[in-house]
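The values are calculated or read from the model by the stated rules, or taken from the named source; none is laboratory data. Computed from a prediction, not measured in an experiment: that's the story for all the values here. Cβ placement follows ideal geometry from the backbone for every residue including glycine, while neighbour counts extend to all protein chains displayed. We work out accessible area using only protein heavy atoms, side chains counted, and drop any ligands, DNA or RNA first. Shrake-Rupley method; radii C 1.70, N 1.55, O 1.52, S 1.80 Å.
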Amino acid sequence: MNRIQGLCWFMLSCCYLQAQPLTSNRLDSLWNDPVLEARIANGIETHRKGDFTLVLSDKQGKPLRNATVEIQQIGHDFQFGANIFMLNGFRTEADNRHYEETFRSLFNTACVPFYWKTLEPEQGKLRFAANSSSIYRRPPPDVVVDFCKANGLMLKGHTLVWDHPTHGVPDWLPADTTEVKRLIAKRIQEIAARYGGQIKTWDVVNEVLKGHPDIPMPREYALFAFREAQKAFPADTRLFINEVTPESWQNYRKEYSPYYLLIESLKAKGARIGGIGLQFHFFNEQLHEDVANGKAMIPGDLLRVLDLYGQFGVPLHVSEITIPTLPYNEVGLQRQATLTRNFYRLWFSHPAVGAIIWWNVADGTAVAGEDKWNGGLVNNDFSPKPAYTALNDLINKEWKTSLTAQQKDTDLIRFRGFYGEYVVRIRQGKKVTEQRVQFLKNKSTEVKINL
């Protein structure tokens, strides 16, 4: 942003600020409601934590005595993620390293771009490999997969089929829907053959309810895409459907909500829907204003939506999050942080939610037309915004377990903690032994360490 643009934005922000209250008593009262807070707190305690046991013994298998045991959580079982579209996408190596460090500091899950338009810009010439041509916000999948493997990040492929003319379908797509059907099958097979063993979660279709009738997609293409994915990918792959914000959260009609009916219809016809994506973008000044004033996306409505789609018995992903910095000043920055903390706590507390995925990590890295929302967690120089700090406090402090226990009269150490990966350091005099262990949801809650 140059100085003139910055001045214009500041003046617009001031006008917006004069028209809006700095805080909304209604919003505060909704989120500070004791009943809601009890549900969120109890949900986190019940669904994100477990009672664990460490069994410690020496080389002879005898119970360990007189040791100090430090237990520190270093990773989450729950998926906190973002899109990783800007991997190696900045002009300088320093910025690329800043991006990687910022990503790793918060997230254990990366959403990998597989958009047809940019993965196959020329028919038959696929941009899988690291030496593929460079396209902004579309790193070759091989590069992303290697980075995520090296850094212990889980992967989610996005997306196999999307009928969006600007971002989803290639310019060379033919008008013959029979041929398009063949090409969809070919695309899914090629992707599955290369990445099916490495990426276990995929958005099969995207934004079906916001369809583009001018794009020549075959009849019931969403069902066809799921059937092809079910054939091409390994059986343990989780296949998701993903939908836009209004249809996910606002067009709520209980079991007669359009998105709910779409999922029911696809499942009845044989689609193996293994997960449901609910986008959460505020791409509208009025929506943002309503949210900030407690008139939209209120906690009771959000919980009703999660309860509704949780009935399908598959993980829900809050799949694409853009919470703007609006106005772009201190008020807007603090508002973004407050909303981020409130929403994440609610989503994390709900048993059906399996992942929360922010969209653009840094300001200035959104798709064309969306940078104006300043929906990043860090500024374009990678300095943290208050929203980053709020999220870091939750993910890396409030929602991580750390304790020290003295091993004396028993070989058992029992504690309650968040599900995830831990480092256990056992100190016996000057000797220190370190071992990594995992306490995962729906897995054994007892781990044995033999020194």
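Place the peptides 402-408, 377-383 in order of packing, highest mean first, counting for every residue the other Cβ atoms within 10 Å and averaging per peptide.
377-383, 402-408
In whole Å, what are the extents of the range 110-256 along the principal axes defined by its C-alpha atoms, from largest to smallest?
Largest first, the range 110-256 extends 44, 35, 30 Å along its Cα principal axes.
In Å and from the alpha-carbon atoms only, list the Rg and Dmax of the chain.
23.6, 76
May I ask you to give the percent of accessible area on the chain that is carbon plus sulfur, with a probe radius of 1.4 Å?
Carbon-and-sulfur percentage of accessible area, whole number: 49.
With every protein chain present, what accessible area does Trp116 have (1.4 Å probe, heavy atoms only), rounded to the nearest 10 Å²?
Counting only protein heavy atoms, Trp116 exposes about 10 Å² to solvent.
Could you put Thr178, Thr401 in order of accessible surface area, largest first, with the 1.4 Å probe and the full protein assembly present?
Thr178, Thr401
Would you calculate the separation in nanometres between label points at Thr389 and Arg304, each defined as 7 Å from the Cα along the Cα-to-beta-carbon direction?
Taking the simple label geometry, Thr389 and Arg304 are separated by 3.6 nm.
Roughly how many Å² is the accessible area per residue of the chain, as a whole number, for a 1.4 Å probe?
45 Å²
Does the range 21-140 come out rounded, prolate or oblate, given a ≥ b ≥ c as the square roots of the eigenvalues of its C-alpha gyration tensor, rounded meaning a/c under 1.5 and, failing that, prolate meaning a/b above b/c?
Oblate shape, in that a/c is at least 1.5 and b/c is the bigger or equal ratio.
May I ask what percent, to the nearest 5, of DSSP beta bridges between residues of the chain are antiparallel?
If I count the DSSP bridges inside the chain, around 45 percent turn out antiparallel.
Calculate the FRET efficiency for Asp381 and Glu446 from the Cβ-Cβ distance with a Förster distance of 45 Å, rounded to the nearest 0.05.
0.45
Among 67-78, 101-112, how do they line up by average Cβ neighbours within 10 Å per residue, starting with the highest?
Descending mean neighbour count gives 101-112, 67-78.
How big is the C-alpha Rg of the range 331-451 next to the rule-of-thumb value 2.2 N^0.38 Å, as a ratio?
Cα-based Rg divided by the globular estimate yields 1.46.
Using a 1.4 Å probe, how large is the accessible area of Leu119, given in Å² and rounded to the nearest 10?
10 Å²
List the pairs from Lys156/Lys231; Lys200/Lys267; Lys210/Lys254; Lys210/Lys385; Lys149/Lys267; Lys156/Lys400 whose alpha-carbon separation is above 26 Å, in the order I gave them.
As for pairs spanning more than 26 Å Cα to Cα, those are Lys210/Lys385; Lys149/Lys267.
Order the peptides 306-317, 323-334 from the highest to the lowest mean number of other Cβ atoms within 10 Å of their residues.
Peptide ranking by packing, descending: 323-334, 306-317.
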